[in-house]
Amino acid sequence: MTRPTQAIGYVVNTYPRASHSFIRREIAALERTGWQVRRFAMRGDPAGLADPLDREEHRRTERVLDAGPAAIGAASLGAIGPRPAEWRRLAQATRRHGPRHAIYMAEAAWLARRVRALGLSHLHAHFGTNSTDVARHAARMAGIGYSFTVHGPEEFDAPLGLSLDEKLADARFAVAISSFGRGQLCRWVDASVWPRIHVVRCGIDPDAFSAVPALPEGPLHLVAIGRFAPQKGFPMLLSALALARQRAEVRLTLVGGGEMEAALRAQAAALGLGDALHLPGWQDEAGVRAAIGSAHAVVSSSFAEGLPVVLMEGMALGRPALATAIAGVPELVVEGETGWLVPSGDDAALAEAMVALAGRPRDELMRVGAAARARVLARHDVTREAAKLGALF
């Protein structure tokens, strides 16, 4: 492969986060093929980083707000002051989207100054929210192009409020992480824009999943991983677990944390789940792999997603998936082949699937797990997906 000679910038609102390991892996894969990638975020979250790799990524990331109001203000005046057209755009955007857009423009001005100083040729944002607003304005100020990756579900909840139509229309290209996501983006723009909307899947590093742990013995043990946020459907998961345990022996390890932790613990106590539920908190990548390795299958109860990375990681470790049939999930989880799908929002159906899973012979779980591993390695190799992105850059 010819080594690229140009440097690019990645823009994310808060980066890194524990849930952003897929972005870190994508950047690392691009750098292995010769791309120079500068990382930019509006802010950081060092207190929430348990993984040493995330802490190192935090060290390598420039944070706009760390520059301080004076530097950001000076950059804003320097970038917009001599350009009446930019002031008009700012005023129009502020009228349409509110005062927060003035903040995005100021952050973009600081970023544009860094782009010019570093000689960056392109900006790429993850998530079609304010990170893309900042990248979009900074690219225009610096005279370069920009692109962005949409994950969902946030962008799909408020596409017009986020001006996805405008962003898609003037970006050099846009990326969705699934065919479902691409279809959602195509809804908001003319068909002439569709060829510039591509699918580049979130990737995993096959080398990190080369050792497949043996399937455990004993009663069914499930693992779920994610932020304790409403969209993940974890209260429904606990309800389904309680229903399933009336008919079968099932245990669940729920890895993660967030604003719903106290409510989930209270619900577990009310349901009398006791030792059937283990809540170990956030784990680093090694801890996540260990949790998956101790389970028979990985479960996702989400109401809204893009395509859960945890399903990819669980399947890469030879574990079948039990997941709600939403968004891009059916593109990865094939009913009866790599896992099982249930309707979203139906705790009784999820409980029924748990009971059925508890009754499946161990060799069937191993067979489905092997097919799950083959599918995810074929579709989500981070080196191959990063190469697609590199070609677009």
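The values are calculated or read from the model by the stated rules, or taken from the named source; none is laboratory data. Not measured: the values here are computed from a predicted model. Every residue, glycine among them, receives a Cβ derived from its backbone with ideal geometry; neighbour counts consider all protein chains shown. These accessible areas exclude ligands, DNA and RNA; they are computed on the full protein's heavy atoms, side chains included. Shrake-Rupley method; radii C 1.70, N 1.55, O 1.52, S 1.80 Å.
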Practice item. Could you list the residues of segment 297-313 with an amide nitrogen less than 17 Å from a label point located 7 Å from the Cα of Gln231 in the Cα-to-C-beta direction? Key: 300-312
Exercise for review: Only residues of segment 321-347 count here: report those whose backbone N is under 12 Å from the spot 7 Å along Cα→Cβ of Ala374, or say none.
Suggested key: 337-338
**Study point:** Per-residue HN-Hα couplings for segment 14-20 [Karplus 6.51, -1.76, 1.60; θ = phi - 60°; Hz; x = Gly/Pro]
**Key:** 10, 8, x, 10, 4, 8, 9
Check your understanding: For the chain, what number results from the quotient of the Cα radius of gyration and 2.2 N^0.38 Å?
Key -> 1.04
Point to revise | Charge sum, other residues only, whose C-beta stays under 9 Å from Met315's C-beta, Lys/Arg counted +1 and Asp/Glu -1 | key: +2
Study note, to complete from the structure: The farthest towards the positive end of the charge dipole of segment 130-284, of the residues Ser163, Gly203, Gly145, given +1 on Cβ of Lys and Arg and -1 on Cβ of Asp and Glu, is Ser163
**Study point:** All-pairs Cα distance distribution in segment 304-391, expressed in whole percent, bin size 5 Å
**Key:** 3, 14, 23, 23, 18, 10, 4, 3, 1, 0
Review point. According to a simple spin-label model (label point 7 Å from Cα along Cα-to-Cβ), what is the distance in nm between Ala102 and Glu249?
Key: 6.5 nm
Study note, to complete from the structure: Order by accessible surface, 1.4 Å probe, largest leading, for residues Asp381, Asp165 comes to Asp165, Asp381
Exercise for review: Could I have the simple spin-label model distance between Leu118 and Asp157, label points 7 Å from Cα toward Cβ, reported in nm to one decimal?
Suggested key: 3.0 nm
Check your understanding: Sorted by average packing, counted as other Cβ atoms within 10 angstrom per residue and highest first, what order do 353-360, 132-139 take?
Key -> 132-139, 353-360
Exercise for review: Please tell me the relative contact order of the chain in percent, rounded to the nearest whole number, where contacts are Cα pairs under 8 Å and at least six residues apart.
Suggested key: 15 percent
Study note, to complete from the structure: Reported to the nearest 10 Å², Asp66 has, with a 1.4 Å probe, an accessible area equal to 110 Å²
Check your understanding: What is the local net charge at Gly145, summed over the other residues whose Cβ is closer than 12 Å to its Cβ (Lys, Arg +1; Asp, Glu -1)?
Key -> +3
Practice item. Any chance you could run the full-extension gain for Trp194 through Ser294? It's 0.36 nm times the residue separation minus the Cα-Cα distance, nm to one decimal. Key: 31.7 nm
Check your understanding: So who's got an amide H within less than 5 Å of the one on Cys202, skipping anything under 5 residues away but keeping other chains? H placed 1.01 Å off N, in plane.
Key -> none
Check your understanding: Assuming R0 = 56 Å, what is the FRET efficiency of Arg172 and Glu217, from their Cβ-Cβ distance, to the nearest 0.05?
Key -> 0.60
**Study point:** the chain: calculated mean residue ellipticity at 222 nm from DSSP helix runs of at least 4, using -39500 (n - 2.57)
**Key:** -14000 deg cm²/dmol
Revision key, fill the gap. For the pair Arg360 and Ala391, the simple spin-label estimate (label points 7 Å beyond Cα toward Cβ) gives in nm 3.4 nm
Review point. Relative to the Cα centre, what is the charge dipole magnitude of segment 112-269, using +1 at the beta carbon of each Lys and Arg, -1 at the beta carbon of each Asp and Glu, and rounding to the nearest 20 debye?
Key: 260 debye
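Where does each of Trp110, Trp188, Trp282 land when they are ordered by accessible area, with a 1.4 Å probe and the largest first?
If we order Trp110, Trp188, Trp282 from most to least accessible, we get Trp282, Trp188, Trp110.
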**Study point:** Ranked packing of 55-63, 235-243, 166-174, most packed first, by mean Cβ within 10 Å
**Key:** 235-243, 166-174, 55-63
